[in-house]
2 protein chains.
Amino acid sequence: MPADAAILATQQPCNNCPIRYRAVCAHCESEELDELEGIKFYRRYEAGQTIVWAGDRMDFLASVVAGMAGLTQQLEDGRTQMVGLLLPSDFLGRPGREQAAYTVTATSDLLLCCFRRKPFEELLRSTPRIAGRLLEMTLDELDAARDWLLLLGRKSAREKIASLLVILARREAALIKRRPQGRIAVELPLTRDAMADYLGLTLETVSRQMSALKREGVIELDGKRRVIVPSFDRLVLESGEDSDGGPLS
Amino acid sequence: MPADAAILATQQPCNNCPIRYRAVCAHCESEELDELEGIKFYRRYEAGQTIVWAGDRMDFLASVVAGMAGLTQQLEDGRTQMVGLLLPSDFLGRPGREQAAYTVTATSDLLLCCFRRKPFEELLRSTPRIAGRLLEMTLDELDAARDWLLLLGRKSAREKIASLLVILARREAALIKRRPQGRIAVELPLTRDAMADYLGLTLETVSRQMSALKREGVIELDGKRRVIVPSFDRLVLESGEDSDGGPLS
DNA sequence: CGTGCATTTGATGCCACTCAAGGGGAGTGG
DNA sequence: CCACTCCCCTTGAGTGGCATCAAATGCACG
């Protein structure tokens, strides 16, 4: 664990937490929440910081409260693939396994709500509502990973970029229970390099395709890390998907 | 559901089931097993048959007892990506969701141990040992999907083929709690086309790379669907991985 | 105003795709 | 027993999309 990760005291009450109804605690009643409250603490990371290295012991589990992190895998010759995006409400860590399987890096400034491992695992055993929610979230993550398989295996560079923007827009909108539509802005809390790692491309190709999409009016750039999408439908079209994104869940 | 899927009566006892200690029922005590036994029935599919189409209602959940199936996703223009391999002991279907998210096809002759949805979901609520095992298996699947992301995003065609063979060899060996080593044989219950769908390649590329690996002595072919691997270590080397495959779990 | 980093843009090459033709084995029917 | 067919697989030639190598640009910060 990096020494410079700021550890904050437990002080934010769960009640007005921005991820209260989407995170692992979503289904909890107030007394279960009290138990969680007792074992939680906050940690803050800066963009670029590594939270754990693959293979390291990890003595806490956590929910992402704000910001973004990436799970990364590597081949020994250095080729890198991001294998998971952690956005607000996503869960970090695996109960029952102390060794981290992936390197986790903050791609933007990040706030985690952490739970000490042992007490959390105990809660998991005693609280079906938490265990059930975790299963639900894990199944959703599996679905997301499978969509990503389709992207990596079969989509063109252009479609990959468009798909990433669609996903980020949908996740951002989901937090406020809306569906993206019309003209929208999308935060891009990633460097071009991180985008490339996520999309299975090189950073040059990412840059070129971003330029192409901009040239053709599919997107507009507001700085490097903010994208304006004049027509969300057009973007979805470019992503190669037919579906409308399914239920709001 | 295809009309020609053979439905067999419940007759096989769970006790000497080949997947008794790896499937969703792995942790069950005998009385829990009795409950499962009461809601289970067997179904047999032939190679090539589709078990469910994406979007169809699915009124059962199941464990793969023998054979192999694939989860498949498609873009509207027909590009196809397999997003999951179901091998013996793997679980099929998602509790709490009746609509299948993916098309499921038997890639070889297949035997499923099916559970009616409603009673199974009830058991899941009342039996932490089953729910816990399902969470564990889902997390494992997520790990497998993430390894697959690395493969699709960053590996060469040659490495992809080698990786697939490594995975099949490991899964085959895991059923008998061994670790593949030295000279081994690997069953390949897939057409070249299905391999291509899984690896994000074309069938021509699969065929060419198989030929290349054969030419160079990494593999020998015994018919089209059986591969002899003279040196498993060599194969792992070709797959681009460094690791030894982790614990036997 | 210089330094450093992220990003963009350009030139070239290669790996895997596409299109096309041919081979081999299993099953069927004469 | 052989001819025919179908399906799966192999092999070949040519192309194109993305990677690689290289250099320039923009922007933040001291």
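The values are calculated or read from the model by the stated rules, or taken from the named source; none is laboratory data. Not measured: the values here are computed from a predicted model. Here the Cβ is made from the backbone with ideal geometry for all residues, glycine too, and neighbour counts use every protein chain on show. Quick note on the areas: whole protein, heavy atoms, side chains included, nothing else; ligands and nucleic acids left out. Shrake-Rupley method; radii C 1.70, N 1.55, O 1.52, S 1.80 Å.
Being under 20 Å from the mean Cα position of the chain (by Cα) and not in a strand (DSSP E or B), is that true of even one residue in region B:29-46?
yes
Just the residues that are modelled with pLDDT of 95 or more and surrounded by fewer than 20 Cβ atoms within 10 Å (Cβ to Cβ), please, taken from region A:222-237.
Result: A:ILE228, A:PRO230, A:SER231, A:ASP233, A:ARG234, A:LEU237.
Right, B:LEU164: more than 12 Å from DNA strand D (Cβ to nearest atom), within 14 Å of chain A (Cβ to nearest Cβ) and not in a loop (DSSP other than H, G, I, E, B) or not?
In short, yes.
I'd like to know if region A:84-95 contains one or more residues that are part of a strand (DSSP E or B) and among the polar types (S, T, N, Q).
no
Taking interchain pairs and intrachain pairs at least six residues apart, which have beta carbon atoms under 6 angstrom, with the first residue in region A:203-226 and within 14 Å of A:GLU238 (Cβ to Cβ) and near DNA strand D (Cβ under 9 Å from one of its atoms) and the second in a helix (DSSP H, G or I) and modelled with pLDDT of 95 or more?
These pairs meet every condition: A:GLN209/A:ALA157; A:GLN209/A:ARG158; A:GLN209/A:ILE161.
I'm checking my understanding of the structure. Among residues of region B:204-239 that are within 14 Å of another protein chain (Cβ to nearest Cβ) and within 11 Å of DNA strand C (Cβ to nearest atom), which one is farthest from the chain's Cα centre (by Cα)?
It comes out as B:THR205.
Out of the residues in region A:128-148 that are more than 30 Å from B:GLN73 (Cα to Cα) and surrounded by fewer than 20 Cβ atoms within 10 Å (Cβ to Cβ), which is farthest from the other protein chains (Cβ to nearest Cβ)?
Here the answer is A:ARG129.
Out of the residues in region A:181-202 meeting the condition of being more than 12 Å from DNA strand D (Cβ to nearest atom) and of a type in the set (A, V, I, L, M, F, W, C), tell me which one is farthest from the other protein chains (Cβ to nearest Cβ).
A:ALA185
Can you find a residue in region B:115-123 that is touching a residue at least 24 places away in the same chain (Cβ under 8 Å) and farther than 30 Å from A:SER126 by Cβ?
no
Say we look at region A:149-158 and pick out the residues that are more than 7 Å from every other protein chain (Cβ to nearest Cβ) and surrounded by 21 or more Cβ atoms within 10 Å (Cβ to Cβ); which of these is nearest to DNA strand D (Cβ to nearest atom)?
Selected residue: A:LYS155.
Scan region B:191-202 residue by residue and report those that are within 11 Å of DNA strand C (Cβ to nearest atom) and in contact (Cβ under 8 Å) with a residue 40 or more places away in the chain.
If the condition is that a residue be within 11 Å of DNA strand C (Cβ to nearest atom) and in contact (Cβ under 8 Å) with a residue 40 or more places away in the chain, then B:ASP197, B:LEU199, B:GLY200, B:LEU201 are the ones that fit.
Given the condition in contact with a Leu (Cβ under 7 Å, 6 or more places away or on another chain), buried (at least 20 other Cβ atoms within 10 Å of the Cβ) and among the small types (Gly, Ala, Ser), answer yes or no: does some residue in region A:182-197 qualify?
Checked against the condition, which is being in contact with a Leu (Cβ under 7 Å, 6 or more places away or on another chain), buried (at least 20 other Cβ atoms within 10 Å of the Cβ) and among the small types (Gly, Ala, Ser), region A:182-197 yields at least one hit.
So is A:ALA174 open to solvent by 10 Å² or more (accessible area, probe 1.4 Å) and small (Gly, Ala, Ser) or not?
When the stated conditions are applied, A:ALA174 passes them.
Looking only at region B:96-127, count how many residues are part of a loop (DSSP other than H, G, I, E, B), within 14 Å of chain A (Cβ to nearest Cβ) and in contact with an Asp or Glu (Cβ under 8 Å, 6 or more places away or on another chain).
Of the residues in region B:96-127, 5 are part of a loop (DSSP other than H, G, I, E, B), within 14 Å of chain A (Cβ to nearest Cβ) and in contact with an Asp or Glu (Cβ under 8 Å, 6 or more places away or on another chain).
Determine whether B:PHE91 is within 14 Å of chain A (Cβ to nearest Cβ) and more than 30 Å from A:SER156 (Cβ to Cβ).
Yes: the conditions hold for B:PHE91.
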